[in-house]
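Below: one structure, written as structure tokens.
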Amino acid sequence: MCSIIGYYGNGLAAPILVRGLKRMEYRGYDSVGVATKDKAILLKKGVGKVADVNNLLHLDSLPGSVGIGHTRWATHGSVTDVNAHPHPSSSGQIAIVHNGIIDNYEELKSELQQKGYQFKSQTDSEAIANLLQFNYDQTQDIKKSMIQTVSRLKGHYAFVAMFQDGTLSAARYHEPLIVGVGKRSYFLSSDVLGFIEKTDVAIYLDNGEFVMLNKGGLEIYDFEGRPVKHQTTKVSKEFADAYKGDYAHFTLKEISEQPSTIIRAGESSGDAINSVTDFIKHAKSVYITGSGTSYNAALVAKYLWQKYAKVKVEPIISSELSFSPETVEPNSILIAISQSGESADVLEAVNIARKSNAKIFSIVNILTSSLAQESSLVIGMNCGPEIGVAATKSFTSQLGIIYKITEKLCDGCIKVDSAKISEAVSEVLLDHSKIKHIAKELRDITDIYILGRAVHYPIAAESALKLKELSYIHAEGIPGGELKHGPLALMDSNVYVIIINPGDHTYSDTLTSAREIKARGAKIIGISNKPSDVYDHWIEIPTVDEVFYPLIEIIPIQLLSYYSAIEKNTDPDYPRNLAKSVTVK
Ligand code: F6R
């Protein structure tokens with residue numbers, strides 16, 4: 001959601017913080033701010049993206065070698081300068097940055113107001129600043145004030161506080177917080193991307209721990225104040241790849257990486273894939289869950305496992321499970337799919353399933369994430385950092401793993417030849433000219449429908465999600481046969497319909513749907529390995545073994561969504577109102 005960062009060292013803090021924030025902007029990006037400790041605590045913040053606010057306010061010119069920074073994705077209080085972080089306490093002697101939600105902030109706020117502490121913002125976060133200040137005023141002791149503060153906070157949070165004497169202290173409770181250990185410097189960050197340019201040595205804090213950084217160095221405690229020891233970890237060099245390189249946007253770079261990320265999907269998790277498959281084969285009930293794109297991947301699993309391995313699996317939208325926890329039968333298996341491994345809805349689904357004694361397995365990209373820690377078996381997507389907010393390469397990596405599980409589940413009835421699939425994906429990526437041309441045509445379109453049958457329906461749903469996020473066009477995925485049960489009423493000459501129609505058992509029925517739509521005047525974009533006169537635009541995909549079409553047919557739609565964003569002059573990497581990892585429910 002938001003990103004938080006802190007720096008304690010002997011360099012100038014503000015430029016380091018601003019660079020770190022730029023790299024973590026994918027997490028949330030409606031406003032930004034930095035505070036440093038010079039003679040007093042200095043603070044600048046404003047609404048907009050990091051680069052824009054920095055150009056205007058020169059965040060990176062603040063003096064001092066200790067500081068904190070934040071990019072916000074608004075939850076409590078609208079997007080305004082005042083609601084942007086850092087938030088100072090009412091005396092200005094402490095400033096904090098926070099990621100997460102404080103559930104009892106109203107109660108804390110009114111208590112503190114009665115004691116004379118003033119609030120300027122509408123945020124829940126400001127309660128942390130004033131609660132810390134209150135506890136510090138009582139104790140004059142930073143460690144005690146942290147212990148007392150976390151004992152009062154309800155919700156989930158990671159925050160970094162900067163005190164008047166230059167001490168940084170940070171606490172973690174169900175939101176990520178990582179310590180970067182550099183040469184004579186320390187970083188506190190929501191993501192290793194915040195400090196990877198400076199150091200690849202990290203300490204992953206556990207829930208219920210806080211750190212203190214001052215002249216004495218780094219100390220880690222649990223919430224009761226007992227010292228905690230942690231090993232340092234070497235962060236994968238892959239994270240250093242989080243640059244756009246020659247690409248205009250991360251989204252385009254990540255779409256283009258798919259020929260290699262598909263090959264790497266689950267590569268170093270062979271044992272976990274074998275064990276998960278074994279458990280699925282012998283389980284009474286299997287559930288598979290995720291949010292957004294990851295849920296669409298779960299839907300693909302349902303079709304493939306049922307068709308090829310005769311295994312029934314029930315896909316569950318993660319955010320729905322808390323409203324029907326009885327769905328999960330005792331002693332079953334829950335497979336959770338999540339790129340970030342930090343989606344609050346997915347973690348909550350895991351929590352609920354655990355109460356029914358379910359075994360938890362996961363398919364994740366970030367192996368240090370909360371979801372990975374919660375799972376007894378973890379299959380790594382291995383696709384490297386995905387910075388573009390819209391999921392692209394992580395989706396095909398998820399599918400890559402689902403195919404590998406399918407192959408094992410059906411005892412080799414399908415053969416996953418990753419090299420061949422990768423070649424076909426490369427072929428689609430070779431020439432963008434036709435897709436760019438179609439994107440131009442779609443510039444002023446308000447509605448678009450995507451049709452697919454059977455396993456192509458989840459791809460239609462994923463296509464609609466990509467178009468919504470990137471092009472802001474209203475888009476809807478429709479199972480082909482449902483057309484005549486309602487959506488046909490919407491078809492007229494203002495409408496575009498994408499038909500996902502590879503040459504498999506769904507081909508002729510879907511072609512018939514295309515003709516029915518065409519007869520009502522709508523324009524048809526056909527994604528197929530076979531041409532047809534019904535298509536106003538034909539996006540050709542290579543012919544592959546029919547089971548693998550889903551992995552190929554999503555690629556042109558990712559590109560179309562990307563180029564539609566370019567046509568509309570919006571930023572494809574950071575769609576409005578969204579955040580890369582949705583750590584709030
Ligand atoms: C869509 C998208 C979101 C995520 C969803 C789940 O492009 O990015 O729908 O797929 O928020 O995120 P993870 O997979 O990190 O749990």
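The values are calculated or read from the model by the stated rules, or taken from the named source; none is laboratory data. All figures in this text were calculated on a predicted structure; none of them were measured in a lab. Neighbour counts are summed over all protein chains in view; Cβ atoms, including those assigned to glycine, are modelled from backbone coordinates with ideal geometry. Surface accessibility is based on the protein's heavy atoms, side chains included, excluding ligands, DNA and RNA. Shrake-Rupley method; radii C 1.70, N 1.55, O 1.52, S 1.80 Å.
Points worth noting:
- Sub-7 Å Cβ pairs linking a first residue in segment 372-390 that is touching a residue at least 40 places away in the same chain (Cβ under 8 Å) to a second residue that is of a type in the set (Lys, Arg) and within 14 Å of the ligand (Cβ to nearest atom), at least 6 apart or interchain, are Cys383/Lys393; Glu386/Lys393; Val389/Lys580; Ala390/Lys466, ordered by first then second residue.
- Number of positions in segment 297-333 that are open to solvent by 10 Å² or more (accessible area, probe 1.4 Å) and either closer than 18 Å to Ile478 by Cα or outside any loop (DSSP other than H, G, I, E, B) (or both): 16
- Residue that is surrounded by the fewest Cβ atoms within 10 Å (Cβ to Cβ) [pool: residues in segment 376-403 that are more than 13 Å from the ligand (Cβ to nearest atom) and polar (S, T, N, Q)]: Ser376
- Filtering segment 291-318 to residues that are in contact with a Ser or Thr (Cβ under 6 Å, 6 or more places away or on another chain) and within 16 Å of the ligand (Cβ to nearest atom) leaves Ser291, Ser294, Ile316, Ser318.
- Residues located in segment 190-205, provided they are under 21 Å from Thr167 (Cα atoms) and open to solvent by 30 Å² or more (accessible area, probe 1.4 Å): Lys198, Tyr204
Per-residue answers, yes or no, for (1) closer than 30 Å to Ser275 by Cα; (2) touching a Lys or Arg at 6+ places or on another chain (Cβ under 7 Å); (3) not hydrophobic (A, V, I, L, M, F, W, C):
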{"site": "Ala372", "(1), (2), (3)": "yes, no, no"}
{"site": "Ile379", "(1), (2), (3)": "yes, no, no"}
{"site": "Lys415", "(1), (2), (3)": "yes, no, yes"}
{"site": "Ser433", "(1), (2), (3)": "no, no, yes"}
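- Tally of residues being in contact (Cβ under 8 Å) with a residue 40 or more places away in the chain and surrounded by fewer than 17 Cβ atoms within 10 Å (Cβ to Cβ) across segment 467-482: 1
- Under the condition of being within 19 Å of Gly11 (Cβ to Cβ) and open to solvent by 10 Å² or more (accessible area, probe 1.4 Å), the residues counted in segment 27-63 number 12.
- For segment 321-339, a residue qualifies if it is small (Gly, Ala, Ser) and within 13 Å of the ligand (Cβ to nearest atom), and the qualifying residues are Ala336, Ser338.
- Cβ-Cβ under 7 Å pairs, at least 6 apart or on other chains, segment 15-43 side free of Cβ contacts under 8 Å to residues at least 24 places away in the same chain, far side buried (at least 24 other Cβ atoms within 10 Å of the Cβ) and hydroxyl-bearing (Ser, Thr, Tyr): Leu42/Thr36
- Of all residues in segment 547-585, those being within 14 Å of the ligand (Cβ to nearest atom), open to solvent by 10 Å² or more (accessible area, probe 1.4 Å) and under 26 Å from Ile500 (Cβ atoms) number 1.
- Test: residue in segment 459-466 that is under 28 Å from the mean Cα position of the chain (by Cα), open to solvent by 10 Å² or more (accessible area, probe 1.4 Å) and either polar (S, T, N, Q) or modelled with pLDDT of 95 or more (or both): yes
- Among the residues of segment 244-281, those identified as among the small types (Gly, Ala, Ser) and not in a loop (DSSP other than H, G, I, E, B) are Ser256, Ser260, Ser268, Ser269, Gly270, Ala272, Ser275.
- Filtering segment 334-357 to residues that are open to solvent by 10 Å² or more (accessible area, probe 1.4 Å) and among the small types (Gly, Ala, Ser) leaves Ser340, Ser343, Ala344, Ser356.
- Taken together, the residues in segment 1-38 that are touching a Leu at 6+ places or on another chain (Cβ under 6 Å) and part of a loop (DSSP other than H, G, I, E, B) amount to 0.
- Residue among Thr36, Thr71, Thr80 that alone is more than 23 Å from the chain's Cα centre (by Cα), within 26 Å of Gly182 (Cβ to Cβ), in the same structural domain as Ala171 (by TED's automatic domain parsing) and among the hydroxyl-bearing types (Ser, Thr, Tyr): Thr36
- Count of segment 340-374 residues, restricted to those that are assigned to a helix (DSSP H, G or I) and either within 17 Å of Tyr173 (Cβ to Cβ) or within 15 Å of the ligand (Cβ to nearest atom) (or both), is 13.
- Qualifying residue in segment 39-46 (condition: on the phi < 0 side of the Ramachandran plot and outside any strand (DSSP E or B)): yes
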